[in-house]
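What follows is a set of notes on a single structure, which appears directly below.
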Amino acid sequence: INADGKVNGIDRSLVVREWTSQNPSMNADVDLDGKVNQRDRNIVVALWGYDTSNCSKVPERSEFMCRADVNNDGTINGTDRSIIVREETSSNPNLALADVNSDGTVDRKDYKLVVALWGSNTNSCPEN
């Protein structure tokens, strides 16, 4: 959020400050839903430690939400979580399907993003 090349406590603090502000700027609206809230904080925590210094490899913020709807059914839910778990434990995971954060692996970070975005409607995503 502060464009320092990493997701960490500074970003979480910025989200919380915006969330509790009377007139929040939308800089901390990570999921682009028009409000700064607990979901934005959860996404920052799910991405904790993520290196954003090479932004050409990092999807746009809204793309995380679209990618978290792994089965493209329009909602991020238990089916998506189950697919992430299956692919995370696979000896040959389908990265195109389940690498939600596009870091080259299917792991707990992808799982945490799906959980952080749980219940989001993704009907506006290109795949749906």
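Worth a mention:
- Tilt relative to the chain, helix 78-88 - C-alpha long axis, 0 to 90 degrees, to 10: 70
- Based on DSSP H segments of at least four residues, each scored -39500 (n - 2.57), the chain has a per-residue ellipticity at 222 nm of -11500 deg cm²/dmol.
- Report note on the peptides 113-121, 33-41, 2-10: ranked by the mean count of other C-beta atoms within 10 Å, highest first, their order is 113-121, 33-41, 2-10.
- On Cα atoms only, tilt of 9-20 relative to the major axis of the chain in degrees: 60
- Solvent-accessible area per residue, Å², over the chain with all protein chains present [probe radius 1.4 Å]: 54
- Recomputing mean projected area of the Cα convex hull in nm² from the coordinates shown identifies the correct label among [x] 7.4; [y] 9.8; [z] 12.3 as [x].
The values are calculated or read from the model by the stated rules, or taken from the named source; none is laboratory data. Every value quoted in this text rests on a predicted model; they were computed, and no experiment measured them. Virtual Cβ from ideal backbone geometry, glycine too; neighbours counted across all protein chains shown. The protein model used for the area step is the full one, side chains on, heavy atoms only, and it has no ligands, DNA or RNA in it. Shrake-Rupley method; radii C 1.70, N 1.55, O 1.52, S 1.80 Å.
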